[in-house]
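The values are calculated or read from the model by the stated rules, or taken from the named source; none is laboratory data. In this text the structure is predicted, and so the values were computed from the model without any measurement. A quick note on method: Cβ atoms are made from the backbone with ideal geometry, for glycine too, and the neighbour counts reach across all protein chains shown. Surface areas here come from the heavy atoms of the whole protein model, side chains and all, with no ligands, DNA or RNA. Shrake-Rupley method; radii C 1.70, N 1.55, O 1.52, S 1.80 Å.
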Amino acid sequence: MADTNQSAPSLYEAREPIFPRRVSGKFRNLKWWLMAVMLGIYYITPWLRWDRGPELPDQAVLLDLAGRRFFFFFIEIWPHEFYFVAGLLVMAGLGLFLFTSALGRVWCGYACPQTVWTDLFILVERWIEGDRNARLRLHRQKKWDVRKLRLRVTKWVVWFLIALATGGAWIFYFTDAPTLAVDLVTGQAHPVAYTTMLVLTGTTFAFGGFAREQICIYACPWPRIQAAMMDEDTLTVGYRDWRGEPRGKHRKGPGAEALGDCIDCHACVNVCPMGIDIRDGQQLACITCALCIDACDDVMEKIGKPRGLIDYLALSDETRERAGAQPRAVWKHVFRPRVILYTVLWSLVGVGLVFALLLRPDVEMTVAPVRNPTFVVLSDGSIRNTYDVRLRNKHGEDRPYALAVEDNANLVITLEGEDDLVVDVPANETYLQRVYVTAPGGTPEAQAERTEFVLRLEDTTTGHVAEKETVFNGRDN
């Protein structure tokens, strides 16, 4: 009879935090350089200046929600030009597909904000509390003495300052950074600015300091999508089990010659920020950061074995390597039809955006006929149509614009509120002008149901012209 007093094992084990060990190597150095560059761009960019004239902001990169425009150095994007933003999003998606198809989850391992800030927080943690073993001992120490309290509080304060700088840098992209910085310190900033900054500070502090790998495993959808982007020729981090197995620590004595190169030192596990064992095969949690490659290569050098037991490799090379042949060249894995297709699509979208940017007109207008009523019969029998015309001045100073009907002497144009056909449009504004087009009663335009004509707009300062085709509605006698 079973012992009913024996306690059953818990089905829900508390999460054990991951404390990666410090490692050196080419991939770790690459991650340090990329982290420094990306954090530098993020924190410094809002403070860069760009002279656009007296009536425009001088911040190089600015998402001006109040003015409904996006400034990027010499480029200015208006709301009606959202296709530029859509194109950049398409390029970002195709770029993810491209790099994932060629090199697995390199975005996750090197450039994802979650990875970058987690790396930074782990660096601070290691600097204050020590390397992996010291942090493990501190975590498992049940008693909160003065030393543990001091180390934890110091670490949390530095984390909070980094998170605060992160949230503050984000809101600087939406208004003039120096002005907002002063307003934040003096308490004069808008409550939305404080709220946004505190929300981003809290999420950065929690995600980078505590959640870490859980965001990548449970919250991020990309690990579940990546399988569709990868195939057997994708280069990704893997373990050459045909070379490393069977594992064994003892290299002397009976049976030592039958052991593989892996000495089961767990160096690859101890450096992994996701806490996985790459020797178990490809896993959803792996972000291909390649730190396990650096750790394993270091061990292989120490024991006199060839590097590359853990390496960037493709599954299609397994059969070749098991047979003792050399793997295919890297370029043959990278330049294959799927990767080339993504590259071509990505390039086409990019070239299209560049051409669209270069071919943008300086003068723009939209014409909307007023449909209620479609036309009005005047006392002299003339037919009048009404139009709402939006004139867009993209320049930093007021500009006069002249309106006219192109190549149709029977249609007479007048402007509501204006004595002539010239409209002064304020700088960097979209101006709504009501326009009347009249056809005398006996003309073909007045008697026909629909007559197409062209409304012409000219910037009298530069001579640039914009034209829009629209319809004049007649009696249809």
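Cα-Cα pairs above 17 Å in region 96-171: how many percent?
Roughly 59 percent, once rounded to a whole number.
Using all alpha carbons of region 339-427, what is the percent of pairwise distances in each 5 Å bin, ordered from the shortest bin to the longest?
Spelled out per bin, shortest first, that is 3, 10, 13, 16, 14, 10, 9, 8, 6, 5, 3, 2, 1, 0.
Send over the Kirkwood Rh of region 134-282, from the inverse of the averaged 1/r over different Cα pairs, rounded to one decimal Å.
After inverting the mean inverse Cα-Cα distance, the result is 20.4 Å.
In region 78-167, which chymotrypsin sites (Phe, Trp or Tyr not before Pro) are in a loop and have at most 13 other Cβ atoms within 10 Å, using DSSP for the loop call?
144
Calculate one ³J(HN,Hα) per residue across region 258-269 by plugging θ = phi - 60° into the Karplus curve 6.51 cos²θ - 1.76 cosθ + 1.60, and present them in order as whole Hz with x for glycine and proline.
8, 6, x, 6, 6, 9, 6, 7, 6, 4, 5, 6
Under a Cβ-Cβ cut-off of 14 Å, what is the net charge of the residues other than residue 414 that fall near it, where Lys and Arg count +1 and Asp and Glu count -1?
-2
Tell me, what is a quarter of the convex hull surface for the C-alpha atoms of region 194-280, in nm² with one decimal?
One quarter of the hull surface, i.e. the mean projection, equals 8.3 nm².
Given H placed 1.01 Å from N in the peptide plane, which residues other than close sequence neighbours of residue 60 have an amide H under 5 Å from its amide H?
Under 5 Å from the amide H of residue 60 lie the amide H atoms of 48, 49, 50, each far enough along the sequence or on another chain.
Taking amide hydrogens as modeled 1.01 Å from N in the peptide plane, which residues meet the under 5 Å criterion relative to residue 448, leaving out close sequence neighbours?
Answer set, sorted by chain and number: 475, 476.
Go ahead and run the numbers for FRET between residue 156 and residue 231, Cβ-Cβ distance against an R0 of 35 Å, rounding to 0.05.
Here the calculated transfer efficiency is 0.20.
For region 135-222, what ratio Rg/Rh do Cα atoms give with a Kirkwood hydrodynamic radius?
Using only Cα positions, Rg/Rh for region 135-222 is 1.11.
Taking residue 31 as the anchor, which lysines have their alpha carbon closer than 26 Å to its alpha carbon, excluding any fewer than eight residues away along the same chain?
Reachable lysines: 155, 302, 305, 332.
Carbon and sulfur atoms: what percent of the 1.4 Å accessible area of the chain do they account for?
Summing carbon and sulfur atoms, their accessible area is 61 percent of the total for the chain.
How compact and how long is region 231-373, expressed as Rg and Dmax of its alpha-carbon atoms in Å?
My reading of the Cα-based Rg and Dmax gives 25.5, 101 Å.
Pick out, from 158, 170, 102, the residue whose Cα sits farthest towards the positive end of the charge dipole of the chain, with +1 on the Cβ of Lys and Arg and -1 on the Cβ of Asp and Glu.
158
Quick one, what does Rg over Rh come out to for region 7-117 if you take C-alpha atoms and the Kirkwood Rh?
1.15
Please calculate how many Å² of accessible area region 364-477 carries per residue, with a 1.4 Å probe and no DNA, RNA or ligand atoms counted.
51
Once you have the Cα-Cα distance between residue 34 and residue 448, take 0.36 nm times their residue separation minus that, and quote the gain in nm to one decimal.
142.3 nm
Long-range amide H contacts for residue 19: which residues qualify at under 5 Å (H placed 1.01 Å from N, peptide plane, sequence gap of 5 or more or a different chain)?
Here the answer is none, since no amide H 5 or more places off falls under 5 Å of that of residue 19.
Please work out the average accessible area per residue across region 151-254, using the 1.4 Å probe convention, and give it in Å².
In whole numbers, region 151-254 has 52 Å² accessible per residue.
How about region 29-113: which GluC sites (Glu not before Pro) there lie in a loop by DSSP and see at most 11 other Cβ atoms within 10 Å?
none
Modelled label-to-label distance, residue 222 and residue 409, 7 Å Cα→beta-carbon offset: nm?
6.7
Given 20 °C and 1.002 mPa s, compute D for the chain with the Stokes-Einstein relation, Rh being the Kirkwood radius over Cα pairs; round to the nearest whole µm²/s.
Here the translational diffusion coefficient equals 75 µm²/s.
Figure the gain on full extension for residue 326 and residue 469 (residue separation times 0.36 nm, minus the Cα-Cα span) and round it to one decimal in nm.
Computed gain between residue 326 and residue 469 is 44.9 nm.
Mind pulling up the Rg/Rh value for region 48-107? Radius of gyration and Kirkwood radius, both on Cα.
In region 48-107, Rg relative to Rh is 1.16.
Can you compute 3J(HN,Hα) from phi for each residue in region 301-316, using the Karplus curve 6.51 cos²θ - 1.76 cosθ + 1.60 with θ = phi - 60°, rounded to whole Hz and x for Gly and Pro?
Couplings: 5, 5, 9, x, 10, x, 5, x, 4, 10, 7, 6, 8, 10, 4, 5 Hz.
Which value in deg cm²/dmol, rounded to the nearest 500, describes the helix-derived mean residue ellipticity at 222 nm for the chain, given -39,500 (n - 2.57) per DSSP H run of n ≥ 4 and division by the residue count?
-12000 deg cm²/dmol
In Å, what Rg and Dmax follow from the Cα atoms of region 66-135?
Using the Cα atoms of region 66-135, the pair Rg, Dmax is 19.0, 57 Å.
Test of understanding: what is the full-extension gain from residue 192 to residue 355, defined as 0.36 nm times their sequence separation minus their Cα-Cα distance?
This chain segment gains 54.9 nm when fully extended.
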